[in-house]
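J.: My questions all concern the structure below.
FYI, it's all coordinate maths here, none of it is from the lab. Note that the coordinates shown come from a computational prediction; the quantities given were computed from them, not determined experimentally. Methodologically, a virtual Cβ is constructed for each residue, glycine included, from the backbone with ideal geometry; neighbour enumeration extends over all protein chains shown.
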């Protein structure tokens, strides 16, 4: 095989490895999203059995994390990627960690939903939790879309949406404290609601993290621990520079 042909062959195999990694991450993300949906359905339908079954999904999520991590390590060891490809692999390693943690939080929500199914519902029928879950669901969907398209602007939208999730979580927390002070009989139920809201808020944080990695993959800018306003300015500037150079 000629040197040029060999180089093209190696390049093609490397691109195939990268594409396979991206597909695997999206498959893991789809499984985590389904796990989340089942946990919320268990809350909505008072289905304790479904809530407990969510834990079974987490076994496959954990397996996929290990498999993708091993693939990344192999590529790093054998392909010596540089520049954008290296950023992509590093971001994928971090992304699967956050996806696995979303799965862990979904498992907690499932367990709490199973417990709440056996107690009297509040007059609001957990409306606040279901609304918060709806916002978090949109964040997960937006995160997976941004990763699939390597869309920094879409990723920024998810980062900004996390502020709404944080506000709703704080509202639910304050409401639960009020209920417990007014009627000690609601303490157990209110505590479970608070823990569920906390898991939903953490899922939003993990989705935000992944979107920060997407921005890093696209523009090479590490915007962790940065204000939303600064992130927005960074993405806008990087996008303008990219458009000007193309």
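J.: Would you list 215, 164, 177 from fewest to most Cβ contacts within 10 Å?
T.: If I rank by nearby Cβ atoms, fewest first, I get 177, 164, 215.
J.: Could you state the angle between the C-alpha long axis of helix 187-219 and the longest principal axis of the C-alpha atoms of the chain, as a value from 0 to 90 degrees rounded to the nearest 10?
T.: 10 degrees
J.: How much length is gained on full extension from residue 15 to residue 174, taking 0.36 nm per residue of separation minus their Cα-Cα distance?
T.: Gain on extension, residue 15 to residue 174, equals 52.2 nm.
J.: Place a point 7 Å from the Cα of residue 119 along the Cα-to-Cβ direction; which residues of the stretch 161-192 have their backbone N under 16 Å from it?
T.: Under 16 Å, as judged by backbone N against the label point of residue 119, lie 173-192 of the stretch 161-192.
J.: With an 8 Å cut-off on Cα pairs and a minimum separation of 6 or more residues, tell me the relative contact order of the stretch 3-245 in percent.
T.: On the way: 280 pairs, mean separation 57.4, N = 243.
Relative contact order here is 24 percent.
J.: Next up: Starting at 0 and stepping by 10 Å, how many percent of the alpha carbon pairs of the stretch 57-167 end up in each bin?
T.: Per 10 Å bin, starting at zero, the Cα-Cα P(r) for the stretch 57-167 comes out as 12, 32, 33, 16, 6, 2 percent.
J.: Using alpha carbons only, how many degrees (0 to 90, rounded to 10) separate the axis of helix 127-149 from the longest principal axis of the chain?
T.: 0 degrees
J.: In which sequence would 66, 54, 235, 136 go, from the one with the fewest C-beta neighbours within 10 Å to the one with the most?
T.: So the residues, fewest neighbours to most, are 66, 235, 54, 136.
J.: When the chain is fully extended, how far beyond the present Cα-Cα distance does residue 182 get from residue 49, taking 0.36 nm per residue of separation?
T.: Difference between extended and current length: 44.7 nm.
J.: Any chance you could give the angle, 0 to 90 degrees and rounded to 10, that helix 3-45 forms with the longest Cα principal axis of the chain?
T.: Here the helix axis deviates by roughly 10 degrees.
J.: Based on other C-beta atoms within 10 Å, arrange 206, 23 from fewest to most.
T.: Numbers: 206 25, 23 11.
Lowest count first: 23, 206.
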